[in-house]
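Read the structure below first, then the notes.
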Amino acid sequence: MVFIQEAGTEPSSEQPQKPKRPRMYYGWVIVWITIASAIASGVNVNPTIGVFVKPLEAEFGWSRSLIAGAVAIGTMLGGLVALIVGPIIDKFGARWVLFIAFLLMGGLLIAMSGIVSLWQFYAIVIMTRLLLQGIINLTNQTVLAKWFVRKRGRALAYGNLGQRFGQGAVPFAVQMIITAYNWRVAAAAMGMFAWVITLIPILLWMRREPKDMGLRPDGDPPPGEEGSESASVTTKKRSRQPEVHFTLKEALRTRTFYILLTTLCLTSFVNTGVNFNLIPYLSDQGLSDSQAVTILLVWSFTGIPAALLSGLLAERISVQWVIVGFQAGMVGGTLLLMSVDGVWIGMIFAFFHGASFAGSLLAQQVILADYYGSAHLGALRGVVLPWQMASNAVGPLAATLVFDIRGDYTVILWIYVAIQLAVLFALLRAHPPQLPRK
């Protein structure tokens, strides 16, 4: 935990005095809010929507690609919204943006419990995905990078715990509610759940950045403050150079930015395709619904230690090599998925792929901030997100179209392996950029 020295504790001119007991750095409060926000976002992630696929097929007769179409449209619109939201977060902070997003999302999910036609389903899913991808995820990935520099890896890893928990526990809970009642009760329950764990914490305790509270990132004391040894001690713990801030224009002039943009888009295409179709795929392979969501639960929870490891490694070695290592694991994980035909091989897949996915995702969140700084990170992510969300949208749609045409996912899984290998080799060339001389 990081601490700061209280104001007004000056050493005596006659005899040095130890500073008063420090307060907790407020950045860790922001971490806890981000964890809650990430857990709540699990109500609308691809694995959770995937749990609703077969009940919707059974009640309305909609094809999987028709259901995925609503997700695709909402995701792409979310990417466009991010262009506007990113600079707003940089300038005004995340509190009201995030509060309104969750207020609307909860209400929409409750309304979904009463749909009777396709247009209602499309309207609600498009709006909820827009809120998730264009506002909530963008905010969660941006706000922590403004509060931490030296300890950015672990802070993002802690914040990522909520996402890992939400992606496993929420779909599991949804499946249990559907089994006990029906999908409509599950949808309403998810809306109320999102309200309960987010609205009050965000409204009361979310803040924009450290300087608004007279603080510095990581809780460091002011430069040259007498009697404070924490800055020099903690700086020695990390050999990385001080944070360098690129403007948006400067970042767009670097070759590395476009390598990262391409790899992030291709990774989103693969990951969302797998995540959306994982429960239906496991069910098609002969597993029961409860076995499928249990594998998903293990997959998600395995990512908790992996994300923490990824964050700690990113503080000690180049984040480029961290992401390369986990990306190699993603290739092996997808090959394992193709072999799943029972619970035990499903569990092996869950451990291996879940760890690789979580570690890779955390490194992706760190790399833009580490390479380009946090001062203009909202605007930079706002440029990246439309392209990433387009890939995010096409991933589930492509997989479901392949299924609807061929009756299985074999072809798309081999395409995923080829794409992941291409991403791996591209990341080997994504070296840290140099700030242009002025």
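The values are calculated or read from the model by the stated rules, or taken from the named source; none is laboratory data. The structure displayed is predicted, hence computed values, not measured ones. Neighbour counts are summed over all protein chains in view; Cβ atoms, including those assigned to glycine, are modelled from backbone coordinates with ideal geometry.
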- Message: Could you list, ordered by first residue, the pairs with Cβ atoms under 7 Å in which the first is in the stretch 302-323 and under 16 Å from Gly166 (Cβ atoms) and the second is basic (Lys, Arg) and in a helix (DSSP H, G or I), at least 6 apart or interchain?
- Response: Gly303/Arg164; Ile304/Arg164; Ala307/Arg164
- Might you check whether a residue that is crowded, with 24+ Cβ neighbours inside 10 Å and not aliphatic (A, V, I, L, M) occurs anywhere in the stretch 85-99? yes
- Item | Lone unmet requirement of (1) modelled with pLDDT of 85 or more; (2) closer than 30 Å to Arg150 by Cβ for Arg381 | (1)
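Table: residues versus (1) among the acidic types (Asp, Glu); (2) in contact with a strand residue (DSSP E or B) (Cβ under 6 Å, 6 or more places away or on another chain); (3) farther than 18 Å from Ala314 by Cβ; (4) at pLDDT 85 or above.
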site	(1), (2), (3), (4)
Ala363	no, no, no, yes
Val366	no, no, no, no
Trp387	no, no, yes, yes
Ile412	no, no, yes, yes
- Task: Report, by residue number, each residue of the stretch 27-62 that is in a loop (DSSP other than H, G, I, E, B) and modelled with pLDDT under 90.
- Result: Val45
- Task: Test Gln167 against the criterion of being of a type outside the set (D, E, K, R), at pLDDT below 85 and under 30 Å from Ala350 (Cβ atoms), and give yes or no.
- Result: yes
- Query: Taking interchain pairs and intrachain pairs at least six residues apart, which have beta carbon atoms under 8 angstrom, with the first residue in the stretch 389-416 and free of Cβ contacts under 8 Å to residues at least 12 places away in the same chain and the second surrounded by 20 or more Cβ atoms within 10 Å (Cβ to Cβ)?
  - Reply: Val402/Tyr409; Val402/Ile412; Val411/Val402
- Pick out the one residue from Gly332, Gly325, Gly354 that is within 23 Å of Arg429 (Cβ to Cβ) and in contact with a Phe, Trp or Tyr (Cβ under 7 Å, 6 or more places away or on another chain). Gly332
- Message: Take the residues in the stretch 254-282 that are of a type in the set (Ser, Thr, Tyr) and buried (at least 18 other Cβ atoms within 10 Å of the Cβ); name whichever of them is farthest from Gly346 (Cα to Cα).
- Response: Thr254
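So that you can scan it fast, the table gives a plain yes or no per residue for (1) farther than 17 Å from Met330 by Cβ; (2) modelled with pLDDT of 90 or more:
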residue: Arg406; (1), (2): yes, no
residue: Ala426; (1), (2): no, yes
residue: Ala430; (1), (2): no, no
residue: Lys438; (1), (2): yes, no
- Task: Could you name every one of the helices (runs of 4 or more DSSP H) located completely within the stretch 236-351 that has at least 1 residues being more than 22 Å from the chain's Cα centre (by Cα) and at pLDDT below 90?
- Result: 248-252, 255-284, 289-316
- Query: What single numbered condition from (1) crowded, with 18+ Cβ neighbours inside 10 Å; (2) assigned to a helix (DSSP H, G or I) fails to hold for Ile115?
  - Reply: (2)
- Task: Output the residues belonging to the stretch 68-83 that are more than 19 Å from the chain's Cα centre (by Cα) and either of a type outside the set (Gly, Ala, Ser) or at positive phi (or both).
- Result: Ile73
- Note on the structure: A careful count of residues in the stretch 343-376 that are farther than 23 Å from Gly166 by Cβ, touching a residue at least 60 places away in the same chain (Cβ under 8 Å) and aliphatic (A, V, I, L, M) gives 1
- Task: Determine whether Val85 is part of a helix (DSSP H, G or I), of a type outside the set (D, E, K, R) and modelled with pLDDT under 90.
- Result: yes
- Item | When residues of the stretch 404-426 are limited to those that are buried (at least 22 other Cβ atoms within 10 Å of the Cβ) and either of a type outside the set (Val, Ile, Thr) or in contact with a Phe, Trp or Tyr (Cβ under 6 Å, 6 or more places away or on another chain) (or both), the one nearest to Val270 (Cα to Cα) | Tyr416
